[in-house]
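Shown next, in structure tokens, is the structure this report addresses.
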Amino acid sequence: MIFTPEKCRIPDKRMTPFIDPDEIWDLINNTKSTLRRVREIIAKSLDKQRLTLEETAVLINTVDPELIEEIKEGARELKKKVYGNRIVLFAPLYVGNKCINNCQYCGFRTSNSEAVRKTLSDSELISEVEALEDTGQKRLILVYGEHPHYSPEYIAHTVKIVYNVKKGQGEIRRVNINAAPLEIEGFRIIKDAGIGTYQIFQETYHPDAYKKYHLGGVKRNYEYRLTALDRAQEAGIDDVGIGALFGLYDWRFEVLGLVRHANHLEAVYNVGPHTISFPRIQAASMGDLDKSYIVKDDEFVRLVAILRLAVPYTGMILTARETPEIRKEVIRFGVSQIDGGTKLELGSYHDDNTLIAQDLNKEQFFINDSRTLDKIIDELLDNDFLPSFCTSCYRRGRTGEHFMEFSVPGFIKRFCSPNAILTLAEYLEDYAPPSVKEKGYKVIAHNIEELALNSNIEDLKERLEKIKLGQRDLYL
Ligand code: SAM
Ligand code: SF4
């Protein structure tokens, strides 16, 4: 059965599964890519309209190298013109790795007897957050295995602990969550703790492939996971993050699955996902996976560019799973958030004795970019990006900010760029090594010059001076 809203105009029902594998395969197998269509579709996206599944399939089926370059160029232009040069920084913080599920790709799976299990105590959690604050982090994503120990009440408890840790000038201003799907009541408990985004990856949108990789535990239930973010929405969490783990099934199918999911949330709840993640599978303890769906680097770059064009309103997250080289390249095609200074071993941010080398029995998977936050920021500045720790929209109750970035004229110049500059200045004052500080202020000066061409920057300049004098958390 084909039931895309674009085709039959019947809106999606709440919490009903919305992926039809036959429909997606039909689109992959039967959609033709022509020069005219590809250019029309890129233009539509640059006109700030999200793409239909069929239009996304046209981009997916484009194999002509010159047209692929046009798609990448379109994504680059969309990012530059619409999002500007900001890159938001965050760090993951693993709270506990006990898990009742048996996901074949994950080092935390229950059948992995080699895994060293750990849940941070409250005082260890505080030490981890202090260590992260000492490097300048302001935004964290807390990560948990799926286990009765990690109940909604427990997750809420850890979120509150994190918000209360203040070391020096440091504080965490936004706590996002990556944890198991919950019931509506559970999501309400977490929402009340003041979280930012609740992120759940579907892993693979293909139901049969999903069954193959998920051999036990609650996560085996494809539909319960697929509808998790509907339950989050019902509980009032309208900042949700979706994702697919690339390498489990055909990447083209996953891209269409993600777009379908985004369109579903927008059609039903009037707000699309806040972020899309597109992790590629990495080595994990004792993992022995079928390699037939491994996504090659050139395919990865393509899929990121296609996603950028398909969902222009959605933030895109690129993580330290990828090498510095790939990150540097892919970031230009529409990424809006990256992690920096990432460590996956539980307790390793504060305990210098951990993590001499990555130990896969203690970590979920291998990461390829373990550079410090300083180094990451240094490279972003070299490439003329504006590193940002901004949490302003969330704290002012402006949810759906990506939508506003597009739809409210002047929103980026009025809020996003000034707030990025202010949070970067805080970082430069409090944490940056001298060379990064110098570079950072040059980038700030150059961004202010550009803003001054057609906006009033008095508020910004005044706040910037106050930050230099020691005031903090000044945002617009
Ligand atoms: N346990 C929760 C869950 O499964 O949703 C929370 C997060 S899990 C610790 C975070 C994500 O890591 C998973 O959703 C999966 O996509 C990703 N992941 C697991 N194993 C991976 C691997 N070997 N390589 C890359 N990413 C992996
Ligand atoms: Fe557990 Fe999540 Fe790992 Fe699956 S991916 S084994 S649910 S921690």
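Within the range 45-66, the set of residues being more than 24 Å from the chain's Cα centre (by Cα) and either aliphatic (A, V, I, L, M) or in a helix (DSSP H, G or I) (or both) comprises Glu54, Val58, Val63, Pro65, Glu66. Against the definition (modelled with pLDDT of 95 or more, away from ligand 2 (no atom under 13 Å from the Cβ) and either in contact with a Ser or Thr (Cβ under 8 Å, 6 or more places away or on another chain) or of a type outside the set (Phe, Trp, Tyr) (or both)), how does Glu299 come out, yes or no? In short, yes. Checked against the criterion of being assigned by TED's automatic domain parsing to the domain that holds Arg174 and away from ligand 1 (no atom under 16 Å from the Cβ), the candidates Lys328, Lys362 yield just one match: Lys328. Among the numbered conditions (1) part of a loop (DSSP other than H, G, I, E, B); (2) closer than 26 Å to Asp26 by Cβ; (3) within 16 Å of ligand 2 (Cβ to nearest atom), the only one that Gln282 does not meet is (2).
Given the structure, is Lys98 within 12 Å of ligand 2 (Cβ to nearest atom), charged (D, E, K, R) and surrounded by fewer than 24 Cβ atoms within 10 Å (Cβ to Cβ)? When the stated conditions are applied, Lys98 passes them. Out of the range 228-246, which residues are over 12 Å from Ile276 (Cα atoms), under 18 Å from the mean Cα position of the chain (by Cα) and in a loop (DSSP other than H, G, I, E, B)? Listed by number, the residues that qualify are Ile237, Asp238.
With respect to the conditions (1) surrounded by 20 or more Cβ atoms within 10 Å (Cβ to Cβ); (2) modelled with pLDDT under 95, Val408 falls short on a single one, namely (1).
Taken together, Ile190, Ile195, Ile184 contain a single residue that is at pLDDT 95 or above, more than 10 Å from ligand 1 (Cβ to nearest atom), among the aliphatic types (A, V, I, L, M) and surrounded by fewer than 20 Cβ atoms within 10 Å (Cβ to Cβ), which is Ile184.
In the range 209-231, the residues that are farther than 16 Å from His261 by Cα and assigned by TED's automatic domain parsing to the domain that holds Asn263 form Cβ pairs under 6 Å with partners that are surrounded by 15 or more Cβ atoms within 10 Å (Cβ to Cβ) and basic (Lys, Arg), at six or more places apart or across chains, as follows: His214/Arg220. Among the residues of this structure, Asn178 does not count as one that is more than 24 Å from the chain's Cα centre (by Cα), of a type outside the set (Asp, Glu), within 16 Å of ligand 2 (Cβ to nearest atom) and under 30 Å from Arg220 (Cβ atoms). Checking each residue in the range 422-476 for being in contact with a strand residue (DSSP E or B) (Cβ under 7 Å, 6 or more places away or on another chain) and free of Cβ contacts under 8 Å to residues at least 60 places away in the same chain picks out only Leu424.
I'm checking my understanding of the structure. Among residues of the range 260-279 that are assigned to a helix (DSSP H, G or I) and either within 16 Å of ligand 2 (Cβ to nearest atom) or within 21 Å of Asp47 (Cβ to Cβ) (or both), which one is farthest from the chain's Cα centre (by Cα)?
My answer is Ala267.
For the range 268-296, residues that are aliphatic (A, V, I, L, M) and either under 20 Å from Ile177 (Cα atoms) or surrounded by 17 or more Cβ atoms within 10 Å (Cβ to Cβ) (or both) total 6. Just checking, does the range 66-78 include any residue being more than 10 Å from ligand 1 (Cβ to nearest atom), under 17 Å from Ile338 (Cβ atoms) and crowded, with 18+ Cβ neighbours inside 10 Å? Yes, the range 66-78 contains a residue that is more than 10 Å from ligand 1 (Cβ to nearest atom), under 17 Å from Ile338 (Cβ atoms) and crowded, with 18+ Cβ neighbours inside 10 Å. Could you tell me whether the range 241-260 includes any residue that is surrounded by fewer than 21 Cβ atoms within 10 Å (Cβ to Cβ), closer than 28 Å to His157 by Cα and either touching a residue at least 40 places away in the same chain (Cβ under 8 Å) or within 13 Å of ligand 1 (Cβ to nearest atom) (or both)? Checked the range 241-260: no residue is surrounded by fewer than 21 Cβ atoms within 10 Å (Cβ to Cβ), closer than 28 Å to His157 by Cα and either touching a residue at least 40 places away in the same chain (Cβ under 8 Å) or within 13 Å of ligand 1 (Cβ to nearest atom) (or both).
Yes/no matrix, rows are residues, columns are (1) surrounded by fewer than 17 Cβ atoms within 10 Å (Cβ to Cβ); (2) in a helix (DSSP H, G or I); (3) more than 16 Å from ligand 1 (Cβ to nearest atom); (4) at pLDDT below 95:
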| position | (1), (2), (3), (4) |
| --- | --- |
| Cys106 | no, no, no, yes |
| Asn112 | no, no, no, yes |
| Leu132 | no, yes, yes, no |
| Gln137 | no, no, yes, no |
| Val143 | no, no, no, no |
| Glu146 | no, no, no, no |
| Lys160 | yes, yes, yes, no |
| Asn176 | no, no, no, no |
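In this structure, Leu344 does satisfy being farther than 30 Å from Ala267 by Cα, touching a residue at least 60 places away in the same chain (Cβ under 8 Å) and more than 16 Å from the chain's Cα centre (by Cα).
The values are calculated or read from the model by the stated rules, or taken from the named source; none is laboratory data. Quantities reported herein were computed from a predicted structural model and do not represent experimental measurements. Note that each Cβ is placed from the backbone with ideal geometry, even for glycine, and that neighbours are counted across all protein chains shown.
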